[in-house]
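**Q** First, the structure itself, so that you have it in front of you.
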Amino acid sequence: MATAEHSDGLAFHPMDQFIVKPLFGGETLNWYTPSNATLWMAVVILAVIALFVLGTRGRAIVPSRIQSVAELAYGFVHKMVEDVAGKDALKFFPYIFTLFCFIVFSNFVGLLPKAFTTTSHIAVTALMAVAVFLTVTIVGFVKNGAGFLSLFWVSSAPLALRPILALIEIISYFVRPVSHSIRLAGNMMAGHAVIKVFAAFAPLILISGIGVAVTPLSILAIVAMYALEILVAFIQAYVFTILTCVYLKDALHPHH
Amino acid sequence: MSNTTQTAAETVTETAGHAAEAAGHAAQSAGMPQLDFSTFPNQIFWLVVALVVIYLVLSRIALPRIGGIIADRQSTITNDLAAAEELKAKAVEAEKAYDQALVDARVEANKIIAEARADIQKDLDKATAKADAEIAAKAAESAGRIDEIRAGAAKSVAEVAKDAAEAIVAAMGAKADAKSISAAVAARLKG
Amino acid sequence: MELAAAAALGKFIGAGLACIGMGGSAMGVGNVAGNFLAGALRNPSAAAGQTATLFIGIAFAEALGIFSFLVALLLMFAV
């Protein structure tokens, strides 16, 4: 009975933070309406410009702190593309770097209190994943022609197994954008929802005596989850980017 | 105790209203906001705008600039390394020249020492020879004088013997001629 | 009304069951990371070049946990 009371008394709306709503009031959300998603995407754009344009304004040989961060990010992604996808993939570097910047900045900006995390939405991540999928497929066919299909025909396997393997490979190929997008959105959504759930437990001390124990614990849990989310924010951007590189490698060099 | 339950009950009724309100809100946004498809066109439109803006900013301005900075730094480092290499070669060369100079100086010194030694030796030899000659002259002179003295002494002995023999013969009362006496003395002295 | 209550009950039980999948994902991630560490301690010089592979492996293992979380969320909020 008591627990039922408490769960009724606490406001559990872990998913409310993900609601997209018009920025300047009003009810209808047309495709062009500036929404909170628009606001935080704009913040991301400004952050990217601040880091990569204003930060490198000095063009210093011995970099300032902000410039070395920009160079670090550049070198990080550049090396990743070169190592994973090969030298000929470097012409896709701006494309991949754009995705990386957008995701990493969205993830981090979304961690600010009251912020809206654009990358927690399937719509956003699915668009990026589908864009990567289409790019990779088109590049694969343009570069290799029908030879791109050899990606699905595992020539090192016994002949009898090959059709089955081909089926599995094709299915896994088409599942790629799904897992690619849901991984990012799910991670961001899960972390923020969990933080919100713990945050909902925090005001328990105002309602009931048991809150004396629960409130500090939940605050501690929020801090711990937040630290984990900082890690996840970067790792998921990294994983999205590196998987893009892996897929690109398949498109450019399908034979191994 | 009853007081707390009462306040709890009040809070419950109060928050129940909130819950109902929130439920109505949730129903409006169809459960999970992520699956509210009415927001998809909006998000996708703005995402495309954002990605295009970021892409243009990065590919037009930021990436060439950063790539240029890194290439510049690389070339600066390479140049500096080359300059350092050059300086190092110069230092090696200078060291070699120094060593060569040292070797030359040593050879020169040795030569000078050898020359000095030869000069000294020559002087020494000359002085030695001169001294030898002087000594030899003195020795010859002395030897001459000794011979003279010896000859003088022998003559004196013969005269004394002759005188003594004349005196002895005279004392014995005989008269002896000087010629036979000197012959006899010479024979005796010789014998 | 009875049916609605049963449906709500099923929803919550299903969401709870879906969370079991996260345990499997946790084991998978731990397996990947642990094996990487074991290999890295054996041959530390090769470890640096394989961190990308490590993260890819972790990402694949973790994705399945995220799927189960998604199922739980769908049961809770969308069904």
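The values are calculated or read from the model by the stated rules, or taken from the named source; none is laboratory data. Computed from a predicted model, the values in this text were never measured in an experiment. Cβ sites come from the backbone with ideal geometry, for glycine too, and all protein chains shown count toward neighbours. Just the protein is used for accessible areas: all its heavy atoms, side chains included, with ligands, DNA and RNA removed. Shrake-Rupley method; radii C 1.70, N 1.55, O 1.52, S 1.80 Å.
**Q** Need the list of lysines near A:Lys196 for cross-linking: C-alpha distance under 27 angstrom, and skip anything on the same chain fewer than eight residues off.
**A** Straight-line reach from A:Lys196, under 27 Å: A:Lys21, A:Lys114, C:Lys11.
**Q** Further question: Multiplying the sequence separation of A:Ile219 and A:Leu23 by 0.36 nm and subtracting their Cα-Cα distance, what value in nm do you get? Can you show the working numbers first?
**A** Values: separation 196, 0.36 × 196 = 70.56 nm, distance 3.02 nm.
So the extension gain works out to 67.5 nm.
**Q** Moving on. For chain C, set up a GNM with springs between Cα atoms under 10 Å and report which of C:Gly28, C:Gly57, C:Gly49 has the largest fluctuation.
**A** Residue with maximal mean-square fluctuation among C:Gly28, C:Gly57, C:Gly49: C:Gly49.
**Q** Another question, if that's okay. Quantify, in whole percent, the carbon and sulfur part of the accessible surface of region B:45-152 (1.4 Å probe; protein heavy atoms only). Don't skip to the end; give the middle numbers.
**A** On the way: 5170 of 8180 Å².
For region B:45-152, the apolar C and S fraction of the accessible surface comes to 63 percent.
**Q** Now, a different point. For a Förster distance of 51 Å, can you work out the FRET efficiency between the beta-carbons of B:Glu148 and B:Gln100, rounded to the nearest 0.05? Provide the component values of the computation, followed by the final result.
**A** Details: r = 71 Å, r/R0 = 1.38.
E(calc), rounded to 0.05, equals 0.15.
**Q** Moving on to the next point. For the charge dipole of the protein assembly as shown, defined by +1 on Lys and Arg C-beta atoms and -1 on Asp and Glu C-beta atoms about the Cα centroid, which residue among A:His255, A:Leu72, A:Val130 has the Cα displaced farthest towards the positive pole?
**A** Among A:His255, A:Leu72, A:Val130, the one farthest towards the positive end of the dipole of the protein assembly as shown is A:His255.
**Q** Ok, one more. Take the Cα atoms of region B:50-91, find their three principal axes, and give me the spread along each one in whole Å, biggest first.
**A** Cα extents, longest axis first: 58, 9, 6 Å.
**Q** Hey, any idea what Rg/Rh is for chain C, computing Rh the Kirkwood way over Cα pairs? Display every interim value, and only then the final one.
**A** Values: Rg = 18.4 Å, Rh = 14.5 Å.
Here Rg/Rh amounts to 1.27.
**Q** Which of the lysines could a cross-linker bridge to A:Lys91, judged by Cα under 28 Å and excluding same-chain residues fewer than eight apart?
**A** Of all the lysines, those that pass the test against A:Lys91 - Cα under 28 Å, at least 8 places apart if same chain - are A:Lys79, A:Lys143, A:Lys249.
**Q** So what J values fall out for region C:45-50 if you push phi through Karplus, 6.51 cos²θ - 1.76 cosθ + 1.60 with θ = phi - 60°, rounded to Hz, Gly and Pro as x?
**A** Here the 3J(HN,Hα) series is 5, 8, 5, 4, x, 10 Hz.
**Q** Run the Debye formula on the Cα coordinates of region A:62-189, all scatterers equal and no solvent, and tell me log10 I(q)/I(0) at q = 0.10, 0.18, 0.19 1/Å.
**A** Reported log10 I(q)/I(0), two decimals: -0.46, -1.13, -1.19.
**Q** Compute for chains A and C the buried accessible surface, both sides summed, probe 1.4 Å, and express it in Å² to the nearest 100.
**A** On the way: alone 14400 and 5560 Å², together 18610 Å².
Buried area between the two chains comes out at roughly 1400 Å².
**Q** Efficiency by 1/(1 + (r/R0)^6): what FRET value for B:Glu93 and C:Leu41, r their Cβ-Cβ distance, R0 = 45 Å, to the nearest 0.05? Don't jump to the answer; show the numbers that get you there.
**A** Details: r = 50 Å, r/R0 = 1.11.
So, using R0 = 45 Å, E works out to roughly 0.35.
**Q** Less than 17 Å apart at the alpha-carbon level, and either on another chain or at least 8 residues along: which lysines does that give for B:Lys130?
**A** Answer for B:Lys130, where 17 Å is the Cα cut-off: B:Lys122, B:Lys138, listed by chain and number.
**Q** Also, quick follow-up: Would you mind telling me the share, in percent, of accessible area of region C:19-78 contributed by carbon and sulfur at probe 1.4 angstrom?
**A** Working: 2420 of 3270 Å².
Ligands and nucleic acids excluded, carbon and sulfur give 74 percent.
**Q** Using the alpha-carbon centroid of each, what span in Å lies between region B:73-150 and region A:80-100?
**A** 74 Å
**Q** Once you place label points 7 Å from the Cα toward the Cβ at A:Ile230 and A:Val130, how far apart are they in nm?
**A** For A:Ile230 paired with A:Val130, the spin-label model returns 3.6 nm.
**Q** Follow-up question, since we're still on this one. Within 10 Å of each Cβ in C:59-67, how many Cβ atoms from other chains are there, averaged over the peptide? Before the final figure, lay out the partial values.
**A** Details: counts 12, 4, 0, 7, 11, 2, 4, 10, 5.
Mean partner-chain Cβ count within 10 Å for C:59-67: 6.
**Q** Report ³J(HN,Hα) in whole Hz for each residue of region B:101-116, in order, from the Karplus equation J = 6.51 cos²θ - 1.76 cosθ + 1.60 where θ = phi - 60°; Gly and Pro get x.
**A** 4, 4, 4, 4, 4, 5, 4, 4, 4, 4, 4, 4, 4, 4, 4, 4
**Q** Can you give me the relative contact order of region C:19-78 as a percent, contacts being Cα pairs under 8 Å and 6 or more apart? Present the calculation step by step, with values, prior to reporting the outcome.
**A** On the way: 38 pairs, mean separation 35.0, N = 60.
Reported as a whole number, the value is 58 percent.
**Q** Charges on Cβ only, +1 for Lys and Arg, -1 for Asp and Glu, centred on the Cα centroid of the protein assembly as shown; of C:Ile58, B:Ile181, A:Gly211, which one is farthest towards the dipole's positive end?
**A** Going by the Cα projections, it comes out as B:Ile181.
**Q** Could you give the DSSP H helices of chain C that reach 15 angstrom or more along their long axis (alpha carbon positions) and whose average Kyte-Doolittle hydropathy is no lower than 1.6? Don't skip to the end; give the middle numbers.
**A** Details: long enough: C:2-18 (24 Å, 1.34); C:20-42 (34 Å, 0.83); C:51-73 (31 Å, 2.03).
Helices meeting the criterion: C:51-73.
**Q** With the Cα gyration tensor of the protein assembly as shown in hand, convert its eigenvalues to equivalent ellipsoid semi-axes via √(5λ) and list them largest first in whole Å. Numbers along the way, then the final one.
**A** Numbers: eigenvalues 2772, 191, 124 Å².
Gyration-tensor ellipsoid for the protein assembly as shown: 118, 31, 25 Å.
**Q** If each of A:Ile205 and C:Ala78 carries a label point 7 Å out from its Cα toward its Cβ, how far apart are those two points in nm?
**A** 3.8 nm
**Q** Quick query: amide H of A:Ser35 versus all other amide H atoms, modeled in the peptide plane; which residues come in under 5 Å with a sequence gap of 5 or more or a different chain?
**A** Under 5 Å from the amide H of A:Ser35: A:Leu23.
**Q** Something else: Given C-alpha coordinates of chain A, what is the ratio Rg to Rh with the Kirkwood estimate of Rh?
**A** Numbers: Rg = 22.6 Å, Rh = 21.1 Å.
My calculation puts Rg/Rh at 1.07.
**Q** Report the charge-dipole magnitude of the protein assembly as shown in Debye, nearest 20, computed about the Cα centre from +1 at each Lys and Arg Cβ and -1 at each Asp and Glu Cβ.
**A** Numbers: 37 positive and 39 negative charges, 298 e Å.
Dipole magnitude for the protein assembly as shown comes out near 1420 debye.
**Q** Follow-up. Go through C:Cys19, A:Cys101 and list them by solvent-accessible area, largest first, probe radius 1.4 Å. Write out the running numbers ahead of the final one.
**A** Details: C:Cys19 55, A:Cys101 0 Å².
I get C:Cys19, A:Cys101, largest accessible area first.
**Q** Taking the Cα centroid of region C:52-68 and of region C:7-23, what is the distance between the two, rounded to the nearest whole Å?
**A** Using only Cα atoms, the two centres lie 22 Å from each other.
**Q** Report P(r) for region B:45-152: all Cα-Cα distances, bin width 5 Å, range 0 to the bin holding the largest distance, values in whole percent.
**A** Per 5 Å bin, starting at 0, the Cα pair percentages come out as 3, 8, 6, 6, 5, 6, 5, 5, 4, 5, 4, 4, 4, 4, 4, 3, 3, 3, 3, 2, 2, 2, 2, 2, 1, 1, 1, 1, 1, 0, 0.
**Q** Another question about this same structure. What number, in percent, do you get for the relative contact order of region A:16-252 if the mean sequence gap of Cα pairs under 8 Å and at least 6 apart is divided by its residue count? Write down the numbers at each step before the final one.
**A** Values: 236 pairs, mean separation 56.7, N = 237.
Relative contact order comes out at 24 percent.
**Q** Taking only complete DSSP H runs, can you tell me which helices of chain A stretch 18 Å or more along their own long axis by Cα positions and average at least 0.0 on the Kyte-Doolittle scale? Intermediate results must be reported in sequence, preceding the final value.
**A** Details: long enough: A:36-49 (20 Å, 2.24); A:65-80 (22 Å, 0.24); A:93-110 (25 Å, 1.79); A:122-144 (32 Å, 2.03); A:162-201 (54 Å, 0.99); A:211-252 (60 Å, 1.75).
Those that clear 18 Å and a mean of 0.0 are A:36-49, A:65-80, A:93-110, A:122-144, A:162-201, A:211-252.
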